[in-house]
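> Sharing a structure, written as structure tokens. Questions coming.
The values are calculated or read from the model by the stated rules, or taken from the named source; none is laboratory data. Nothing here was measured: the structure is a model prediction, and the numbers come from that model. Reconstructed Cβ throughout: ideal geometry from the backbone, glycine too, with neighbour counts over all protein chains shown. What goes into the accessible areas is simple: the full protein's heavy atoms, side chains included, and nothing from ligands, DNA or RNA. Shrake-Rupley method; radii C 1.70, N 1.55, O 1.52, S 1.80 Å.
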Amino acid sequence: MQRSKRQFIKGCGALLTGVSIYGITQSPLASAPQASSHDDPSQIKYAMVHDENACIGCNACANTCRETNQVPDSVSRIHIERIGPFGEYPDQRYRFIRHSCQQCESAPCVKVCPTGAAYKDSKTGIVSVNGDRCVGCQYCVAACPYKVRFINPQTHSADKCDFCQQTQLKQGKQPACVVACPTKALTFGDLNDPQSDVVQLLKSRPTYREKVDLGTRPKLFHVQTIDGEIIL
């Protein structure tokens, strides 16, 4: 890893001098078929819906993600935020919000990566990380407006949720968090398939996405909890 970093710095010193976390000129190091930063339409467009009404904050999703993808205890690809309580005892409720990679169609992390380690898969639309290319510069960590990227303390490369691309999906299975959820609060599927469960859910339920004003076009949707709303 140290030799890789020295080679990177030596070859890109002039480039890094004027770089911003919001833009970077084309680098020979970034020219790899699997590491395109373009927003070309993919054959499959995977997305996920988190139903806050069904979520009970049990953290089964985070725990199984850690085990399946060998994520160290000091970091996490998934964080469930608990907000509340709302209401009066004993009729109190909490709101549980999932924080993980938003799988942006226009991903800032991909655009700023100087080595092509952060890339958007052309077949699935999944934003992922090639650990062999990552030099730990943390440009992607700084550029992510959702603050869900981190440096893996064991691999020393950038890490985040990739919908279990290298584990579950390779075996033709759903992401580990979807399988493990005891209340079926997570729905995963292909937005390009009109018959998929995720498309059917999005058509039948109102949802929201985080920070859509930034133009990142996230593919993590939320069904907002109805607790605390005024019913006329």
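> Has the range 158-171 got at least one residue that is of a type in the set (Gly, Ala, Ser), more than 21 Å from ALA107 (Cβ to Cβ) and modelled with pLDDT of 95 or more?
Taking every residue of the range 158-171 in turn, none turns out to be of a type in the set (Gly, Ala, Ser), more than 21 Å from ALA107 (Cβ to Cβ) and modelled with pLDDT of 95 or more.
> Taking the range 40-75, which residues are open to solvent by less than 70 Å² (accessible area, probe 1.4 Å) and either more than 19 Å from the chain's Cα centre (by Cα) or free of Cβ contacts under 8 Å to residues at least 40 places away in the same chain (or both)?
Hits for the range 40-75 are ASN53, ALA54, GLY57, CYS58, ASN59, ARG66.
> Quick check: is even one residue across the range 86-93 under 28 Å from LEU214 (Cα atoms) and outside any strand (DSSP E or B)?
Scanning the range 86-93 turns up no residue that is under 28 Å from LEU214 (Cα atoms) and outside any strand (DSSP E or B).
Per-residue answers, yes or no, for (1) in contact with a His (Cβ under 7 Å, 6 or more places away or on another chain); (2) of a type in the set (D, E, K, R):
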residue: VAL148; (1), (2): yes, no
residue: THR155; (1), (2): no, no
residue: ASP162; (1), (2): no, yes
residue: LYS170; (1), (2): no, yes
residue: LYS173; (1), (2): no, yes
residue: CYS177; (1), (2): no, no
residue: PRO182; (1), (2): no, no
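> Condition check: under 24 Å from VAL110 (Cβ atoms), in a loop (DSSP other than H, G, I, E, B), touching a strand residue (DSSP E or B) at 6+ places or on another chain (Cβ under 7 Å) and not polar (S, T, N, Q). Does PHE188 satisfy that?
Details: under 24 Å from VAL110 (Cβ atoms): yes; in a loop (DSSP other than H, G, I, E, B): no; touching a strand residue (DSSP E or B) at 6+ places or on another chain (Cβ under 7 Å): yes; not polar (S, T, N, Q): yes.
Judged against the criteria, PHE188 is not a match.
> I'm checking my understanding of the structure. Among residues of the range 104-132 that are open to solvent by less than 20 Å² (accessible area, probe 1.4 Å) and among the aliphatic types (A, V, I, L, M), which one is nearest to ASN192 (Cα to Cα)?
Per the stated criteria, the residue is ILE126.
> Kindly evaluate LYS160 against the criterion of being among the charged types (D, E, K, R) and closer than 21 Å to LEU214 by Cα. Break it down into steps so the answer makes sense when it comes.
Values: among the charged types (D, E, K, R): yes; closer than 21 Å to LEU214 by Cα: yes.
Against the criterion (among the charged types (D, E, K, R) and closer than 21 Å to LEU214 by Cα), LYS160 qualifies.
> So, in the range 84-103, of the ones that are among the hydroxyl-bearing types (Ser, Thr, Tyr) and under 18 Å from GLN224 (Cβ atoms), which residue ends up least open to solvent (accessible area, probe 1.4 Å)?
Here the residue is SER100.
> Limited to the range 97-122, what total is found for residues that are more than 23 Å from ALA62 (Cβ to Cβ) and at pLDDT 95 or above? Explain how you work it out, then say what you get.
Going through the range 97-122, the residues more than 23 Å from ALA62 (Cβ to Cβ) turn out to be 105-106, 108, 110-117, 119-122.
Now restrict to residues that are at pLDDT 95 or above: 105-106, 108, 110-117, 119-121.
Total meeting the criteria: 14.
> Tell me which of these ILE83 doesn't satisfy, since it passes every other one: (1) modelled with pLDDT under 95; (2) in a helix (DSSP H, G or I).
Every listed condition holds for ILE83 apart from (2).
> Which numbered condition in (1) touching a residue at least 60 places away in the same chain (Cβ under 8 Å); (2) farther than 30 Å from PRO114 by Cβ; (3) in a loop (DSSP other than H, G, I, E, B); (4) open to solvent by 50 Å² or more (accessible area, probe 1.4 Å) is the only one that THR225 fails?
Tallying (1) touching a residue at least 60 places away in the same chain (Cβ under 8 Å); (2) farther than 30 Å from PRO114 by Cβ; (3) in a loop (DSSP other than H, G, I, E, B); (4) open to solvent by 50 Å² or more (accessible area, probe 1.4 Å), THR225 fails exactly one: (4).
> Exactly one condition in (1) modelled with pLDDT under 95; (2) in contact with a strand residue (DSSP E or B) (Cβ under 8 Å, 6 or more places away or on another chain) is not met by PRO90; state its number.
Going through (1) modelled with pLDDT under 95; (2) in contact with a strand residue (DSSP E or B) (Cβ under 8 Å, 6 or more places away or on another chain) one by one, PRO90 breaks only (2).
> Restricting attention to the range 208-222, which residues are β-branched (Val, Ile, Thr) and buried (at least 20 other Cβ atoms within 10 Å of the Cβ)?
THR216
> Filter the range 144-185 down to residues that are in a loop (DSSP other than H, G, I, E, B), open to solvent by 60 Å² or more (accessible area, probe 1.4 Å) and among the polar types (S, T, N, Q) and give me whichever is farthest from ASP121 (Cα to Cα).
GLN154
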